[in-house]
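Report on the structure given below.
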Amino acid sequence: YLRGRSDALTKAEKQGYQLFKAYGCATCHQGVNAGGNMFQKFGIVPTDGPPRDRDADDPGRLAITGRARDQGVFRVPSLRNVGVTGPYYHDGRIETLAGAVDLMARRQLGKVLVSKEVDLIVQFLHTLTGTYQGKWLMRAKEDTSS
């Protein structure tokens, strides 16, 4: 699709890609690997949500660098093959890709997405799954929550 083949994505996948860019996801998940080349603080937007939304006990890069500014900082992961690499986040707290998109929108962007938006973004993210040794990678289990 990025090489000009407009039929490489379905209409829904294209809509998901547009949402991915419009909401600012591509600011951190950018480049040929759609991320993996920078560190960012996780949880920019505070939450009173469930414990899975909090990171009080995880020091992030602080544990490695010893610098206070690295508290809660993690590598922005590549989104290549993200549809087959759950559970998600540095601690595996989220089982589904839809759940990961929802949490990322709330904690990093301060946005509450409706289920249709989450579904479209998930459809786009599945287009980032590739092949290994000539065979398409497969999801471990179907992502049914959105």
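Of note:
- Any chance Gln18 is assigned to a loop (DSSP other than H, G, I, E, B) and out of contact with any Lys or Arg (no Cβ under 8 Å at 6 or more places or on another chain): no
- Within the range 101-146, the set of residues being small (Gly, Ala, Ser), out of contact with any Lys or Arg (no Cβ under 7 Å at 6 or more places or on another chain) and either in a loop (DSSP other than H, G, I, E, B) or at pLDDT below 95 (or both) comprises Gly110, Gly134, Ala140, Ser145, Ser146.
- Residue in the range 80-102 that is among the basic types (Lys, Arg) and touching a Pro at 6+ places or on another chain (Cβ under 9 Å) present: yes
- The range 9-24, residues that are closer than 18 Å to Ile44 by Cα and open to solvent by 30 Å² or more (accessible area, probe 1.4 Å): Tyr23
- Scan of the range 82-127 for residues that are surrounded by fewer than 16 Cβ atoms within 10 Å (Cβ to Cβ) and either in contact (Cβ under 8 Å) with a residue 60 or more places away in the chain or not β-branched (Val, Ile, Thr) (or both), ordered by number: Pro87, His90, Asp91, Gly92, Glu95, Leu109, Gly110, Lys111, Ser115, Lys116
- Selection of the range 106-139 for residues being within 11 Å of the chain's Cα centre (by Cα) and within 17 Å of Phe74 (Cβ to Cβ) yields only Gln108.
The values are calculated or read from the model by the stated rules, or taken from the named source; none is laboratory data. Please read these numbers as outputs of a predicted model, since none were measured by experiment. Neighbour counts are summed over all protein chains in view; Cβ atoms, including those assigned to glycine, are modelled from backbone coordinates with ideal geometry. When the accessible area is computed, the model is the full protein with side chains, heavy atoms only, and any ligands, DNA or RNA have been set aside. Shrake-Rupley method; radii C 1.70, N 1.55, O 1.52, S 1.80 Å.
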